[in-house]
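The values are calculated or read from the model by the stated rules, or taken from the named source; none is laboratory data. None of these values were measured; they are calculated from a predicted model. Here the Cβ is made from the backbone with ideal geometry for all residues, glycine too, and neighbour counts use every protein chain on show. The area values use the complete protein model at the heavy-atom level, side chains included, leaving out ligands, DNA and RNA. Shrake-Rupley method; radii C 1.70, N 1.55, O 1.52, S 1.80 Å.
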Amino acid sequence: MAEGLRERKKRQTRQYISDVATGLFIERGFDAVTVAEVADAANVSVNTVYNYFPAKEDLFLDRSAGMVDRLARWVRGRAEGESAAEAVLRELRDEVRAVSPRVGLFAGYADFMRVIQEAPALRSRLWALAQEVEANLEQVLREETGAAEDDELPSLMAGQISWIHGTAIRVIGREMLKRREPGEVSREVLALLDDIEELLSERVLGYAVCG
């Protein structure tokens with residue numbers, strides 16, 4: 001369905017406010033900028049900012065909604081004969097090999113990471129998002145395997161598979177914070193993913209095979 005004019009204007013306004021806020025946070029730091037200052041710089045009211053972003057952290061982590069179902073989405077879309085862990089490894093390798101901004105492989109990521117490193121509230125929000133990612137993955141694994149509610153295996157597997165993703169993203173963030181060249185970090189993380197796969201047990205690599 002085509003996007004209506006009203007929906008497009010709302011999306012553009014939301015993106016504009018987020019872009020203005022991100023610029024201020026990068027320039028001055030997350031804690032040093034108030035929501036009122038963001039509203040003033042974006043030429044909107046404080047109420048308008050809160051209409052689009054319930055919390056200040058949402059202004060900076062505005063794409064987090066697309067993160068929380070990333071692993072669940074990758075597992076749902078796995079190929080015939082592919083396990084849940086194999087699907088996540090494949091998707092991660094594809095993103096890293098493509099030097100994708102979606103996993104932090106772009107020149108400006110150092111500035112983004114610096115803001116997070118200096119703001120406890122943002123680090124706490126990222127931790128909470130990671131818990132959501134793992135919970136969504138666990139739910140999909142339960143559905144895909146037909147596991148009973150008291151079966152702990154989907155929870156254990158979700159933790160292992162989330163570790164794959166979390167480790168790769170953490171290393172990318174750490175290395176890009178050093179303002180390294182994205183292609184160079186990409187090559188190193190591809191090697192890291194090979195090491196991660198070798199560390200995983202056959203039980204993890206063979207869990208929730210499609211078909």
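What longest range of the chain stays clear of loop-exposed trypsin sites (Lys or Arg not before Pro) (DSSP non-H/G/I/E/B, at most 13 other C-beta within 10 angstrom)?
The longest uninterrupted stretch comes out as 64-177.
Distance from the Cα centre of segment 43-57 to that of segment 197-211, in angstrom?
44
What percentage of the solvent-accessible surface of segment 55-211, computed with a 1.4 Å probe over protein heavy atoms, is contributed by carbon and sulfur atoms?
Of all accessible area on segment 55-211, carbon and sulfur atoms account for 51 percent.
Can you list the HN-Hα couplings for segment 82-87, worked out from phi with the Karplus curve (6.51, -1.76, 1.60; θ = phi - 60°), rounded to whole Hz and with x for Gly and Pro?
For segment 82-87, the Karplus curve yields 9, 7, 4, 5, 5, 5 Hz.
Suppose all protein chains stay in the model; what accessible area per residue would a 1.4 Å probe give for segment 141-211, in Å²?
Heavy-atom accessible area per residue stands at 55 Å².
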